[in-house]
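Here the structure comes first, spelled out in structure tokens, and everything after it is commentary.
The values are calculated or read from the model by the stated rules, or taken from the named source; none is laboratory data. Computed from a prediction, not measured in an experiment: that's the story for all the values here. Quick reminder, even Gly has a Cβ in these numbers, built from the backbone with ideal geometry, and neighbours come from all protein chains shown. Note: areas computed on protein heavy atoms with side chains; ligands, DNA, RNA excluded. Shrake-Rupley method; radii C 1.70, N 1.55, O 1.52, S 1.80 Å.
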Amino acid sequence: MRVVPSARPRKLAKVPFVELADGRLQGVVSSGSDIGRVYVSSVEAGTYAFSCSTNNNRPCGGARGAFCNHIRALIGEAVLQYGAERVARYLKVDVSGDSGEGADAHTLTFAMTSTHPAQGDKSAAAQVFSRFLRHLAYLEFAPSTAPLPEMHWFPTTGAVA
Ligand SMILES: [Zn+2]
């Protein structure tokens, strides 16, 4: 598999966690207004069924019937981290109509929203959030410079295993 370096440094504060895992694009997005609140957002590969809720498991008000700003931010960060091509491939988004290589976060989001995806399963949120907390634990307790396979999402390395 081709290694896709981060195109640009990611804004860690806005989207502290993003990964392509469990058949989903999933991650954690900071609330724009409340520093103590984060949203756990995900989009399922193939169906683009989406979900967004707070770390306290309250449904996101913006994610009723359409992608909310958190999900859009998550897609944007995933494209920075993995590259548009890889995100499109993982989520099974057909962007070939849009001159292929020109795919970006915008065309990906547009291609997915134009299929009118359904609200997804909320149960994923707890899983995603506990993965996020586990990654945070690595940051706190691992001063070692040895590579950690699970840390591939972390933006400082750029390279993805
Ligand atoms: Zn949301």
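Brief remarks on what is shown
- Calculated P(r) of region 17-131 - Cα pairs past 26 Å, %: 12
- Solvent exposure ordering (accessible area, 1.4 Å, most first) of 106, 135: 106, 135
- Using a simple spin-label model with pseudo-atoms 7 Å out from Cα toward Cβ, residue 134 and residue 47 lie 2.4 nm apart.
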